[in-house]
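Below is one structure, written out as structure tokens, with a few remarks after it.
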């Protein structure tokens, strides 16, 4: 039986999204493999997290592509993005937290590319008069990421119904990002 690396990564992502402190033994059990097999493919937790990071970047990039952010209104594009990213929200929230633990000045081109795409989307919304101009695109990007992470955690903890995830994130972000006529 050959090891399906993507399935191992998805099993690890599912576990670590729920329990970020899970051990490599627990990750191996969740993937249905032995610890030695896991270590042959991922030398340690750092290597596993780096592989999960690559998966997260791919998932988020696919969500951005699927959302069609250039189509229709910025509000509709944001709603489509939230729906498209929902399946990967737990993994993304784990990666944001886990990346805080890594030290060093290494910049990740993948995250930089994604950040640039999301910030450009918010900038276009501002230029079209759909989003407030007193909040920077970088801040709106960070706020989106934070809400996606918080939403994923709330769903996992049972505090929010999964079906409410897209609505709650969009309404909270748009309520703060939408340009008011009074301004």
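Just so it is clear, none of the values below were taken in a lab; they were calculated from the coordinates. Every value quoted in this text rests on a predicted model; they were computed, and no experiment measured them. Cβ sites come from the backbone with ideal geometry, for glycine too, and all protein chains shown count toward neighbours.
Annotations for the structure displayed:
- Simple label model, 7 Å out from Cα along Cβ direction - residue 4 to residue 54, nm: 1.9 nm
- Three-way shape label, the chain, alpha-carbon gyration tensor, a/c 1.5: prolate
- Mean Cβ count within 10 Å, highest first, over the residues of peptides 91-98, 141-148: 91-98, 141-148
- Using C-alpha pairs below 8 Å separated by at least 6 residues, the relative contact order for region 52-177 is 30 percent.
- Here the peptides 124-131, 36-43, 10-17 are ranked by packing, the mean other Cβ count within 10 Å, and the order with the highest first is 10-17, 124-131, 36-43.
- Our estimate of slack between residue 65 and residue 171, defined as 0.36 nm per intervening residue step minus the Cα-Cα distance, is 36.0 nm.
- With Cα atoms, 0 to 90° folded angle of helix 74-85 axis to the chain main axis: 10 degrees
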